[in-house]
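Written out below as structure tokens is the structure these notes cover.
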Amino acid sequence: MKIHEFELRTIHLPLVRPFRTSFGTQTSRELLVVKVTDEDGNVGWAEDVAMSEPLYSPEYVAGNLDLIKRFLLPELFKRSEVRAEDVAEILAPYLGAPMAKAALETAILDAQLRGEKRSLSSYLGATKSKVECGVSVGISPTIDQLLEEVASYVDAGYRRIKLKIEPGWDIEPVRVVRETWPTIPLQVDANQAYSRGDGDHLAKLDPFDLLLIEQPLDEHDILGHAGLAKRVKTPICLDESIVSLRAAQDALALEATTIINIKPGRVGGYIESVRIHDLCLEKKIPVWCGGMLETGIGRAANLALAALPGFTLPGDTSASARYFKEDVTEPFVMNEGYLDVPQGFGIGVEPHIDFLDEITTYKEIITK
Ligand code: SMG
Ligand code: MG
């Protein structure tokens, strides 16, 4: 497609409740929204899942805004035509920043598919029309508050609960939740909060029949995860460490992970996500779709991905109401623990421009 212009905006949305992880507490979601328009008037939307601060990954909103304006857009503007399939290679000389690159690739892909009157789910190879939903539960001030929050999600129909853990908030909350819901699919996510020496401690989670322990150690410590995987019975699932197809291949070869969390922003986009999915399907490694507190824009695309056949575990693809009082698109509403995969052209949803304008804290249009 022939790019005409990009619109970049930062938006700010309060969360319905604070979300505490081992690396910090979030009470609102700030993120970068990208809109591309081509010379035929096709429009594409995407969100950059980077957070306000570089705590989950080195990327952050203000940094990515600068990177996109200073380097990435000028590089794309050098080409007379750009296809989504070429974006990763065009931007490869600029190191890192998979979330920024994923946002640009996805916006271009959305516009391209709308031009071809094709849905993202069909483009990616989806085989399901609805996907099973899990929910990620933050670290609570008290066990009672945790039980209350989990109960509200179980009542809402969520099919899998993920508890955020950290040293001092791990064995006991898991024990109590497991006791209260003896059969609910349950998993934990440490966001790198433990060290190699914590194997014996993490093995105390083994009696609770967890689906997996997500990213217990530092993202660069693949060998540490391989060692831990031999010490604990609960499967290890890498999140932060899986930054590309190659990283997935290496982690699997080293037996550091037996389940993989795929997050398109973390791996540079949906096209790379499908490559990781295909590898895992071939190797019979279950995958599931992670979440980055997306608005409806990013959620729509994640649901298309989660509808691929290898996504056999419920993802962090929760309903809009789990995050926001009002979403930037029509809200995603859960039905018996499932969300429908959008079937319209491109990502299949339209942002509500009036609401988007209301929550926009910065906006700039950059014409080629
Ligand atoms: O989108 O429901 C969601 C959040 C899921 O726990 C979640 N994401 O490490 O998997 C993860 C975290 C990263 C974001 S925490 C602010
Ligand atoms: Mg995680």
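Please treat every number below as a calculation from the coordinates, not as lab data. Worth saying up front: this structure is predicted, and the values here are computed from it rather than measured. Note: ideal-geometry Cβ built from the backbone for every residue, glycine included; neighbour counts use all protein chains shown.
Once C-alpha pairs closer than 8 Å and six or more residues apart are averaged by separation and normalised to the residue number of segment 157-299, the relative contact order reads 17 percent. Between the listed residues Leu147, Ala229, Pro185, the Cα displaced farthest toward the positive end of the dipole of the chain, a dipole computed from Cβ unit charges relative to the Cα centre, is found at Ala229.
For the options Lys101, Lys162, Lys283, a Gaussian network treatment of the chain with springs between C-alpha atoms closer than 10 Å singles out Lys283 as fluctuating the most. Taking 7 Å steps out from each Cα toward its Cβ at Val154 and Asp354 produces label points 4.1 nm apart. If you take the Cα centroid of segment 1-68 and the Cα centroid of segment 272-300, the two points sit 19 Å apart. In the distance distribution for segment 84-237, Cα-Cα pairs more than 23 Å apart total 54 percent. Over all orientations, the chain has a Cα convex hull whose mean projected area works out to 16.4 square nanometres.
Around Pro182, what is the net charge, scoring Lys/Arg as +1 and Asp/Glu as -1 over all other residues with Cβ under 13 Å from its Cβ? Don't skip to the answer; put the middle values down first.
Working: positive: Arg175, Arg178; negative: Glu179, Asp209.
Spelling it out: positives minus negatives among the neighbours equals 0.
With the simple spin-label model, which puts each label point 7 Å out from Cα in the Cβ direction, the Asn335 to Leu55 separation comes to 3.7 nm.
With r as the distance between the Cβ atoms of Ser195 and Glu39 and R0 = 56 Å, compute the FRET efficiency 1/(1 + (r/R0)^6) and round to 0.05.
Working: r = 53 Å, r/R0 = 0.96.
Given R0 = 56 Å and the Cβ-Cβ separation, E is 0.55.
Which residue fluctuates most in the GNM of the chain (Cα springs below 10 Å): Asp327, Asp86, Asp209? Fluctuation is largest for Asp86. Restricting to the chain, compute how many DSSP beta bridges are antiparallel as a %, nearest 5. Antiparallel bridges: around 60 percent, rounded to the nearest 5. Using only Cα atoms and rounding to the nearest 10 degrees, what angle (0 to 90) does helix 296-306 make with the longest principal axis of the chain? Orientation of helix 296-306: about 70 degrees from the principal axis.
Dipole of the chain computed with +1 at Lys/Arg Cβ and -1 at Asp/Glu Cβ about the Cα centre; of Gly168, Tyr323, Pro14, farthest Cα towards the positive end is Gly168. Comparing mean-square fluctuations of Glu59, Glu105, Glu255 from a GNM of the chain with C-alpha springs under 10 Å, the top value falls on Glu255. Counting every pair of alpha carbons in segment 183-327, the share spaced more than 27 Å apart comes to 20 percent.
Label-to-label distance, Lys128 versus Glu172, with points set 7 angstrom from Cα along the beta-carbon direction: 3.6 nm. With 21 Å as the limit, the listed pairs Lys69/Lys101; Lys204/Lys283; Lys204/Lys230; Lys162/Lys263; Lys35/Lys128 have Lys204/Lys283; Lys35/Lys128 beyond it between alpha carbons. How big is the charge dipole of the chain about its Cα centre, in debye rounded to the nearest 20, if each Lys and Arg gets +1 on its Cβ and each Asp and Glu gets -1 on its Cβ? So the magnitude is around 580 debye.
So, with +1 on the Cβ of K and R and -1 on the Cβ of D and E, and no other charges, what is the size of the charge dipole of segment 286-353 about its Cα centre, to the nearest 20 debye? Mind dumping the intermediate values first?
Details: 3 positive and 8 negative charges, 29 e Å.
In total the dipole reaches around 140 debye.
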